[in-house]
Amino acid sequence: GNSVTQMEGPVTLSEEAFLTINCTYTATGYPSLFWYVQYPGEGLQLLLKATKADDKGSNKGFEATYRKETTSFHLEKGSVQVSDSAVYFCALMNSGYSTLTFGKGTMLLVSP
Amino acid sequence: EPEVTQTPSHQVTQMGQEVILRCVPISNHLYFYWYRQILGQKVEFLVSFYNNEISEKSEIFDDQFSVERPDGSNFTLKIRSTKLEDSAMYFCASSERTSGDGELFFGEGSRLTVL
């Protein structure tokens, strides 16, 4: 079956630090991969996605590369801001289906 | 910007009571979903709904659960007789299309506490 594993949080960083949140997956076939973000008091929002191997998704300074050989989709940002404080969810969706399989979520706390 | 709205934001209920969680999806979306997240655990898929019928459901979605689109705008999740283990955050989502790269738009969630 499908599963997503992401690093435990919270991740605590100072402003302008480099961010990595690890995500690995298990899936049949060739899934699409997603990072969703949930800011305090809001719903989950799509942050970025990649639909095939070696694709790089990017948005708001965040990047993640679909690595089929390591079944990973790690989220990175070169310089985090306080406003990036949120919970980040890695997820996958198998081709032809519409259901997402999520990880547990990783809380990011950025201090000034 | 269009958004998915959910009510109530928080509901406290006694075990055995019926609960209805309401969602208003984005107006031109055709696919609707419920997910839930028990505290400290993964966000889990419950059910998807298209063309007035369930298209997929997980093993969590047993006979105690039902979904309905009673009018052109609302999408509801009913839990017939709540159990303690139903305490969770319930997320509604909608999408324009179903495909491997389709984007789901989520609401803020409804927190259900069963006592």
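Data for the structure
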| item | result |
| --- | --- |
| Unmet criterion (only one of (1) modelled with pLDDT under 95; (2) open to solvent by 70 Å² or more (accessible area, probe 1.4 Å); (3) within 14 Å of chain A (Cβ to nearest Cβ)) for B:ARG111 | (1) |
| Filtered residues of the stretch A:61-112 (kept if hydroxyl-bearing (Ser, Thr, Tyr) and in contact (Cβ under 8 Å) with a residue 60 or more places away in the chain) | A:SER79, A:TYR88, A:SER95, A:THR101, A:THR106, A:SER111 |
| Residue in the stretch A:96-105 that is part of a strand (DSSP E or B) and either within 19 Å of A:LYS52 (Cα to Cα) or acidic (Asp, Glu) (or both) present | yes |
| The stretch B:39-55, residues that are at the interface with chain A (Cβ under 7 Å from one of its Cβ atoms) and in a strand (DSSP E or B) | B:VAL43, B:PHE45, B:SER48 |
| Leading residue by the ranking (farthest from the chain's Cα centre (by Cα)) among those in the stretch A:46-55 that are open to solvent by 60 Å² or more (accessible area, probe 1.4 Å) and within 11 Å of another protein chain (Cβ to nearest Cβ) | A:LYS52 |
| Spans of strands (runs of 3 or more DSSP E) in the stretch A:1-95 with at least 2 residues aliphatic (A, V, I, L, M) | A:11-14, A:19-21, A:32-38, A:44-50, A:86-93 |
| Residue match in the stretch B:1-21 (condition: in a strand (DSSP E or B) and either charged (D, E, K, R) or without any contact (Cβ under 8 Å) to a residue 12 or more places away in the chain (or both)) | no |
| Residues within the stretch A:64-112 that are of a type in the set (A, V, I, L, M, F, W, C) and open to solvent by 10 Å² or more (accessible area, probe 1.4 Å), tallied | 5 |
| Selection from the stretch A:10-43 of residues that are within 14 Å of chain B (Cβ to nearest Cβ) and surrounded by fewer than 16 Cβ atoms within 10 Å (Cβ to Cβ) | A:PRO10, A:THR26, A:THR28, A:GLY29, A:TYR30, A:TYR39, A:PRO40, A:GLY41, A:GLU42 |
| Residue pairs meeting the criteria (Cβ under 8 Å; at least 6 apart or on separate chains; first closer than 17 Å to B:GLN14 by Cα, in the stretch B:69-83; second of a type in the set (Asp, Glu)) | B:LYS78/B:GLU18; B:LYS78/B:GLU68; B:ILE79/B:GLU18; B:ILE79/B:ASP86; B:ARG80/B:GLU18; B:ARG80/B:ASP63; B:SER81/B:GLU18; B:THR82/B:GLU18 |
| Lone unmet requirement of (1) assigned to a loop (DSSP other than H, G, I, E, B); (2) open to solvent by 60 Å² or more (accessible area, probe 1.4 Å); (3) not small (Gly, Ala, Ser) for B:THR82 | (2) |
| Failed criterion for B:GLY72 (all others in (1) away from chain A (no Cβ under 11 Å); (2) of a type in the set (Gly, Ala, Ser); (3) assigned to a strand (DSSP E or B) hold) | (3) |
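The values are calculated or read from the model by the stated rules, or taken from the named source; none is laboratory data. Just so it is clear, the model here is predicted, and its values are computed rather than measured. Because the Cβ atoms are built from the backbone with ideal geometry, glycine has one as well, and the counts that use them run over all protein chains shown. Quick note on the areas: whole protein, heavy atoms, side chains included, nothing else; ligands and nucleic acids left out. Shrake-Rupley method; radii C 1.70, N 1.55, O 1.52, S 1.80 Å.
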